[in-house]
1. In whole Å, what three semi-axes, largest first, describe the equivalent ellipsoid of chain B built from its Cα gyration tensor (square root of 5 times each eigenvalue)?
2. Could you work out how far apart the two model spin labels at B:Arg215 and B:Ile32 are, taking each label as a point 7 Å from the Cα in the direction of the beta carbon, and quote it in nm?
3. To the nearest whole number, what is the average tally of beta carbon atoms from other chains within 10 Å of the beta carbons of peptide B:293-299?
4. Take every Cα pair under 8 Å in region A:77-341 that's 6+ residues apart, average their separations, divide by the length, and report that relative contact order as a whole percent.
5. Can you work out D for region B:30-89 in µm² s⁻¹ from Stokes-Einstein, where Rh is the Kirkwood radius over C-alpha pairs, the temperature is 10 °C and the viscosity is 1.306 mPa s?
6. Where does region A:77-341 land on Rg(C-alpha)/(2.2 N^0.38 Å)?
7. Could you calculate the contour length gain from B:Asn57 to B:Ile5, that is, 0.36 nm times the residue separation minus the distance between their Cα atoms, to one decimal place in nm?
8. Return the long-range amide H neighbours of B:Ser255 (sequence gap of 5 or more, or a different chain), with a cut-off of under 5 Å between placed amide H atoms.
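Read-outs throughout are calculated quantities, based only on the coordinates presented, and are distinct from any laboratory measurement. Owing to the predicted nature of the structure, the values given are computational and were not obtained by experimental measurement. Note that we place each Cβ from the backbone using ideal geometry, even for glycine, and neighbour counts take in every protein chain shown.
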Amino acid sequence: MGKFGFKSYRRQMEESLGDKLTEQLKQELSPEMSEEELFTFADFDTENAERGGYSDYSYWGSTLRAFFQNKVAVFFLIVILAMLAFTFIQPYLPGQKDPLTIHNNEWGLPLNNVKPGEQGFILGTNSIGQDLWSRIWAGTRTSLFIGFSVALVEAVVGILVGVLWGYVRKLDFFFTELYNILDNIPQTLLLILISYVLKPGVSTIIFALCLTGWLGMARFIRNQIIIIRDRDYNLASRCLGIPTRRIVFKNLLPYLVSVITMRMALAIPSAIGNEVFVTYIGIGLPLDTPSLGNLINTGRSLMTMASLRYQLFFPVVVLAIITISFYIIGNAFADAADPKNHVK
Amino acid sequence: MAKYIIKRVLRSLLTMFIIITILFCLLRMMPIEGYFENYDKMTETQIQAKLNVLGLNDPLPKQLWNFYKQLLQGDLGTSNVYRVGVSINEIVAEKMPVSLRMGLMSLCISLCLGLPLGILMARSTRSRFQIGDRLGTVFIVIVQALPSAVYHILIQFLGSQSSVGKAIGFKMLFEEGEPITYVLPLISLSIGSIAYYAMWLRRYMVDEANKDYIRLARAKGVPSAKISRSHVFRNAFVPLVQYIPNSILLTLMGSLYVESLYSIPGMGGLLVTAIKRQDNTLVQALVLIYAVLSILGLLLGDILMAIVDPRISFSKKEGSR
């Protein structure tokens, strides 16, 4: 997987590469040179001797170009960027309602279960009269915040531990044993346990998800670093007395950018999904913190009533869009960031 | 080999010890309401008396020691809220068969559908339009990217509320002894693992198919069906063997989500109920079973893999897999 929609792109690039090669061959063997010229010794030219194998290859340029060739991924990138921007702008738009206010009609009765589009509620209201539209966006904010925080912690801790584990030989045994023990702990279990014991809230969920999330990242980085640690260019850097920090940041980590970004992009949807799960079991976020998990959970209990299904439907659609987008963007970016795919 | 297995077993024991200790200490930090059926109505002296009986006023190391002693005798304690005074062993013995039956059925379904799907996709990568591969990839991306909550709810919703589902007679909740009510939970339980098995089998098979010995077989003129059956599939399946003991053991725990969604009276549903009603001893026992089962599953998986695949060398340093 991860080659989603990519095969055609690769084949196309290979074809254009083939064309270029033939072109070049034709030029080199162009009949402008006479037979005699072709078989004489070339003069020594200082300028030509100095010429290195220079190419205008730029890593990020090629990565972005490869990424933007993937139409599906670009579509989802636009969708997710628009959505992100909107979640932040939404509270400041005119005519938006507070997600927590309970709306009453003129007789003081709550305006509950208002149909979408009626009485100025874009997506209607829920069973106690709160505006569903603003609740969905507030929930998206909470869920995205959880997702991004977990991904960030996973990246920072995972990279730190992975680099130490892979590069410092003395620590290898310690970290390997630690990993072997921690890796056996099921993540669902830890999530349930922490959420059960600590006070429910956003920070509890983030903490529980961060506790084991970095393990996979650390191990992957460690394995990669062991492979490239003693390559000649790193050996050369060490011999020249370049500080370890510089070797790590300039020689080792750039090599791993694609994997790091992919894991981060995939950590976001899984964190959001976990929040939905924990909230469903009843140890997630309290009801006054709107989140996609809360909304879906409330909607689910109204599933049997056909007229109220919109309360389940809208949050599920938003959640599905977010997770699928991150998943596809993550995979496509990882493919694009792999230099093997920069056929040029 | 023996050395490897001993080392692996010792490490699992250590992990189990760490998890159980952490679990025990964490649950002692919980409010004490979780040990009483009707905490609000009790007087302070009654509460203290009960705490003394349960041994909860002892210092923590002593409690831990007693807990381990109790565990080694195979006693998980008694439930204090969910079913007052009933031994947890009894509750578990009653719930486990339900989860096991459901889980084994779904495991069979996911292997029977997931593996052929993976083979089909892998073979289709060699065909011209790769239609099988593309369709399979779309299915896998959707199942992988959607949180499981979403597709479980969608399956329940579409199955029991849409007109087609109603016509077939699917029900929203599970009923013992009515085979038709098994269908929706089984779909929910299997769909994730179908995608999982198909995805990994496809990837391993594609990797395997690019190896030199396969090329040689092709060049020799071995029929491609035979290549994919007896060379590619056989080697590609080895890494997946590792997960099978784990899947079988974890069926004992059931699925938290699906079981409580369809109110199946199994282990997963029990854990959710115990958490919602804050029955501390029950939560402790169930989490403990869950942890032990999954550690045991990983252990068996590693050992099985070592037996199945003769290429795995034991002199190699562990962790550099």
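1. Values: eigenvalues 394, 161, 37 Å².
Computed over chain B, the values are 44, 28, 14 Å.
2. So the two model labels end up 7.4 nm from each other.
3. Values: counts 1, 5, 3, 1, 2, 3, 1.
Partner Cβ neighbours, averaged per residue: 2.
4. Working: 336 pairs, mean separation 58.5, N = 265.
Relative contact order, region A:77-341: 22 percent.
5. Values: Rh = 12.6 Å.
Estimated via Stokes-Einstein, D reaches 126 µm²/s.
6. On the way: Rg = 22.8 Å, N = 265, 2.2 N^0.38 = 18.3 Å.
This ratio for region A:77-341 stands at 1.24.
7. On the way: separation 52, 0.36 × 52 = 18.72 nm, distance 4.10 nm.
Extra length from B:Asn57 to B:Ile5 when fully extended: 14.6 nm.
8. For B:Ser255, the qualifying residues are B:Gly268.
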